[in-house]
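Have a look at the structure below, then the notes.
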Amino acid sequence: MTKSDLEQLIEKHGNDIYRFCFHLTGCRYDADDLYQDTLCKAYEIRKRIEQTDDGPDLLKVRNYCLGIAVRLYKNSYRKRTRQAEESLDDGKNLQEPASEAMAEELVEKKEMQAKVRNSIQALPLKQRTVIYLFYYADLPIKDISALLRIPAGTVKSRLNKAKNTLKKELEEFRYA
C-alpha cells in the first residue's frame, strides 16, 4: 500500500473508520486519537496489507483498519483504570421545531438515542465490539470472525447476548 493508496482509503472510507472509532470509544476526543493511531498503524504495516494487480482492495483495507482499531482500542481499554466520559452530543444541530408536538417528539427521539448509546456503551467490550462491527460497519459474521480472530459461533453468541441485553434494557426504558 502506497501513500496515495492510503489517501484514497481515507477519502473513500475515512468517515466509516472514524464513525467506527467513535462508536467504540463513545467520545469524540478518544475517537480522534484512535482514528489517527489506526491510520498510522495501517501505514506502518502497509507492506502486510494484501495487494491486487490494480493496487489494494480498499474495502478489504477498510476492514483491516477496523480490525486495527479494535485491537488498539482493546489495548488502551486494558490500560485504563476508568472509561472516558461519554459524549451525548451526536454533532447535529437541532432546528427549531414547528410545534410543541414536534418538539416533544424530538425530545423523546433524542432521549431514546441517548439511551441506546448508553446501553451499548454499558455492554462488555467483547459484546460491544461485535455489535459495532455487525450493525455500524455492516460486516458479515464471517468477516467479524476473521477480524477478531475468533470462531463464527462465538461472534453469533456475543451478538445474541448483546441483543438480548439491549432488548431488556430498552423495553424497561420504554415502559418506564
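Every number in this text was worked out from the coordinates using simple rules, so none of it is lab data. Quick caveat: nothing in here was measured; it's all calculated off a predicted structure. Cβ atoms come from the backbone with ideal geometry, glycine included; neighbour counts cover every protein chain shown.
Rounded, prolate or oblate: pick one for segment 3-79, where a ≥ b ≥ c are the square roots of the eigenvalues of its C-alpha gyration tensor, a/c under 1.5 means rounded, and failing that, prolate if a/b is larger than b/c, else oblate. Provide the component values of the computation, followed by the final result.
Details: a/c = 2.37, a/b = 1.76, b/c = 1.35.
Prolate, since a/c reaches 1.5 and a/b exceeds b/c.
What are the lysines whose alpha-carbon lies under 17 Å from the alpha-carbon of Lys110, with same-chain residues fewer than 8 places away excluded?
Qualifying lysines at Cα under 17 Å: Lys92.
List the pairs from Lys41/Lys163; Lys74/Lys156; Lys47/Lys161; Lys47/Lys156; Lys41/Lys168; Lys74/Lys109 whose alpha-carbon separation is above 29 Å, in the order I gave them.
Values: Lys41/Lys163 32 Å; Lys74/Lys156 20 Å; Lys47/Lys161 37 Å; Lys47/Lys156 32 Å; Lys41/Lys168 38 Å; Lys74/Lys109 31 Å.
The pairs that break the limit, which is 29 Å between Cα atoms, are Lys41/Lys163; Lys47/Lys161; Lys47/Lys156; Lys41/Lys168; Lys74/Lys109.
For the residues Ile10, Ile45, what sequence is obtained by ranking on other C-beta atoms within 10 Å, fewest first? Walk me through the intermediate numbers first.
Working: Ile10 16, Ile45 12.
Listing Ile10, Ile45 from fewest to most nearby Cβ atoms yields Ile45, Ile10.
³J(HN,Hα) across segment 11-17 via Karplus (A = 6.51, B = -1.76, C = 1.60, θ = phi - 60°), whole Hz, x for Gly/Pro?
Working through the residues one at a time gives 5, 7, 10, x, 5, 4, 5 Hz.
Cut-off is 10 Å between beta-carbons; in what order do Leu24, Leu159 appear when sorted fewest neighbours first?
Numbers: Leu24 26, Leu159 18.
Fewest to most other Cβ atoms nearby, the residues stand as Leu159, Leu24.
Kindly state, to the nearest 0.05, the FRET efficiency for Lys161 paired with Asp57, given R0 = 35 Å and r defined as their beta-carbon distance.
On the way: r = 32 Å, r/R0 = 0.92.
E between Lys161 and Asp57, to the nearest 0.05, is 0.60.
Can you list which of the trypsin sites (Lys or Arg not before Pro) found in segment 132-176 are DSSP loop residues with at most 15 other C-beta atoms within 10 Å? The partial results should precede the final answer.
Numbers: sites: Lys142, Arg149, Lys156, Arg158, Lys161, Lys163, Lys167, Lys168, Arg174; in loops: Arg149.
When the trypsin sites (Lys or Arg not before Pro) of segment 132-176 are filtered for loop state and at most 15 Cβ neighbours within 10 Å, Arg149 remain.
Under 5 Å between amide hydrogens, which residues at least 5 positions from Asp57 or on another chain qualify, with H placed 1.01 Å from N in the peptide plane?
When sequence neighbours closer than 5 places are left aside, the close amide H contacts are Thr52.
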